[in-house]
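Scroll down for the structure; my scribbles are underneath it.
The values are calculated or read from the model by the stated rules, or taken from the named source; none is laboratory data. Everything numeric in this text was worked out from a predicted model, so none of it was measured. FYI the Cβ positions are ideal-geometry reconstructions off the backbone, even for glycines, and counts take in every protein chain you see. Areas reflect the complete protein model, heavy atoms only, side chains present, ligands, DNA and RNA absent. Shrake-Rupley method; radii C 1.70, N 1.55, O 1.52, S 1.80 Å.
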Amino acid sequence: MDSDNNLQDVIRCHFCEIPAPQLHCDTCHTNLCKVCAGEHHMDETKIHIVLPIKKRSYTPTYPTCPKHITKQCKLHCEQCDKAICIICVASVEHKQHKAVDIMETFRHKKEIMENDLKELEMSIFPHYKRYASVLPAQRADLQEKCQKWKRYYIEQEEDCHAEIIKAIGRKKSEISGVLSKYQSVLDNLEQELQHKISEIAHIIHNLKDLLNSNDMNLVSSYKSCHDKFRQLPPKFEIFIPNTIPKPVNAGKLCEQFASMSLFTITAEKNELPGDELVSFHSEKLFLNQPSCVTAIRTEQQHLHSHSVVCLSDEELWTKNQNNIMKLFNIEGKLLKSIKTISGNVPEGIAVTKTGDLVYTDSNEKTVNIVKNDKIELLVSLCGWRPLDICSTSSDDFLVIMISDDYQKTKIVRYSGSTEIQSFDIQLMNDCSTTRENNIKHISENNNCDICVADYNAKMVFVLNKVGKLRFSYTGCLYCYRTILSPSGITTDSQSRILIADYNNDCIHIINENGQFLCFIDNCDLRYPCGLCVDTKDNLFVAEGDTGLVKKIQYYT
């Protein structure tokens, strides 16, 4: 039987499975071809009523009571979950048990079967098949990424000649080991899925037979067995890092290459239904030399106060050490100016998904939104001063704030003007914090991590979505630079974290787990502070010294 068509098969003879049988035994409720009908009549244990299949009846067949063979089971004991006859009802075994008409149970079981069949056919089975169908692409993607790594190592081999041949050999072998290991994981997963698919198809086939059957005994004894399929096998996501070229160092050759330990495969709970069962990071490669595409002159400059946030790929808001927030296009044309309602300098700015500007007023202890060029109050605080703000993937706001005595810090999530989450950040507190050096910036990553750049603490903190510290970053340990001075932070589509290093005139790029990847230090940056990225991962850097906003391309 064709496995692709077995769910919509034609009627067949019960004995020889010849399609389109012409006869039907009303006694046994079986379909018969002409040859098998003759043999069926030879069974003399009962009287067989054989009719043309179009004239078959649908009278239910009551099972014979195993204890009282002259009686039919027309009742169903709910406590014992089995068919019983009228005599069984009065027996000690079923005393005080609830007995219902077996036809009621029959109809109920049929409804369960229909619902189970519908769920299996319309939901579970297609999800398993869809899950299995993406595995070849996942395997191909794995091979392609591994081939990129191999090509990277070959290029390094050519650059360093004989000095790195042995090291490259080891790395290529490591790649092959990774490929073999994870292919094995995918092979095992595919085998498991195919087994489950086959099992589900078999259950569906049996359910259809039962639905077409009027055998009370078989139908009444049916029990759903597909609960075990509602939980899909674990969802695997393979993360394969980009190749990151490094200068050759003969003394520490192997340390010059990106670590293969970055290859990971994770299994996570995979519930039904799911919009996408398997996903890969769409990896982007770094440019060897990031380039400054354009520089927008904002005529705003004042140390750490210069901030920037993208309204679109063509327009961006800026704020500085005055009470006016300005909207520029990519050519540097001033499109709009908004003055704070209090006349105070805004502390942080963000943009909602609908394009509305939001800003914090630390002196007034408020969060405000600009709609149709009119400023509306969103949040009014007591005992806390809002600092930076960012919008999230769920269109909420994350506001980092400090207490009036500058000794406590917390992060609050707002949905509109409603507080929905709050947690204290003890790690950021410092007794030397004052109003003047109180510089903190916040951004949400794609994995819902909360990234905070604390200039006073000289650290970047990354917390999970419930406020638990995942890691902190204080700079690249093996780079010859002064201490980190984080004055701005943002994230890109690859979940990489970009950090403005004010005193070192550069941008640090780390991955979502805190591992240093590279610097952007060749674009003549002057005291970088505000950062944001557009939808194409172009980086916009606000300079505190020049008042410029530089658009930098750092991916290929």
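Assorted remarks:
- For R151, the solvent-accessible surface computed with a 1.4 Å probe is close to 120 Å², ligands and nucleic acids excluded.
- J(HN,Hα) series, segment 74-85, from Karplus relation 6.51 cos²θ - 1.76 cosθ + 1.60, nearest Hz, glycine and proline x: 10, 10, 9, 7, 6, 5, 8, 6, 8, 6, 9, 9
- Computed on segment 312-360, the Cα convex hull volume stands at 73 Å³ per residue.
- Segment 15-146: C-alpha pair distances exceeding 21 Å, %: 66
- Charge sum, other residues only, whose C-beta stays under 14 Å from L463's C-beta, Lys/Arg counted +1 and Asp/Glu -1: +1
- Alpha-carbon gyration tensor eigenvalues x 5, square-rooted, for segment 94-166, Å: 65, 14, 5
- Per-residue packing, averaged as other Cβ atoms within 10 Å, sorts the ranges 453-461, 318-326 into the order 453-461, 318-326, beginning with the highest.
- Cross-link pairs exceeding 24 Å between alpha carbons, from the set K284/K333; K110/K228; K333/K536; K371/K536: K284/K333; K371/K536.
- Temperature 20 °C, viscosity 1.002 mPa s: under these conditions the Stokes-Einstein estimate for segment 438-556, based on its Kirkwood radius over C-alpha pairs, is 153 µm² per second.
- Amide H to amide H distances under 5 Å link L75 with I84, I102, where only residues 5 or more positions off or on other chains count and H is placed in the peptide plane.
- Solvent-accessible area of I49 with every protein chain in place, 1.4 Å probe, in Å² to the nearest 10: 90
- Counting only the Cα atoms, segment 177-234 fills a convex hull of 65 Å³ per residue.
- Two numbers describe the Cα atoms of segment 35-111: Rg and Dmax, which are 16.3, 51 Å.
- Taking amide H as placed 1.01 Å from N in the peptide plane, the amide H of I296 sits under 5 Å from that of V549, K550, K551, each at least 5 places away or on another chain.
- Local electrostatic count, E419, Cβ distance below 12 Å [Lys/Arg +1, Asp/Glu -1]: +1
- Over segment 281-426, equivalent-ellipsoid semi-axes from the Cα gyration tensor in Å: 27, 20, 16
- Ligands, DNA and RNA aside, R470 has an accessible area near 100 Å² when probed at 1.4 Å.
- More than 16 angstrom apart: percent of Cα pairs within segment 359-401: 36
- 10 Å beta-carbon shell around E314, net charge (K/R +1, D/E -1): -4
- Under the Karplus curve 6.51 cos²θ - 1.76 cosθ + 1.60, θ = phi - 60°, whole-Hz ³J(HN,Hα) for segment 337-346, x wherever Gly or Pro sits: 10, 10, 9, 4, 5, 8, x, 7, 6, x
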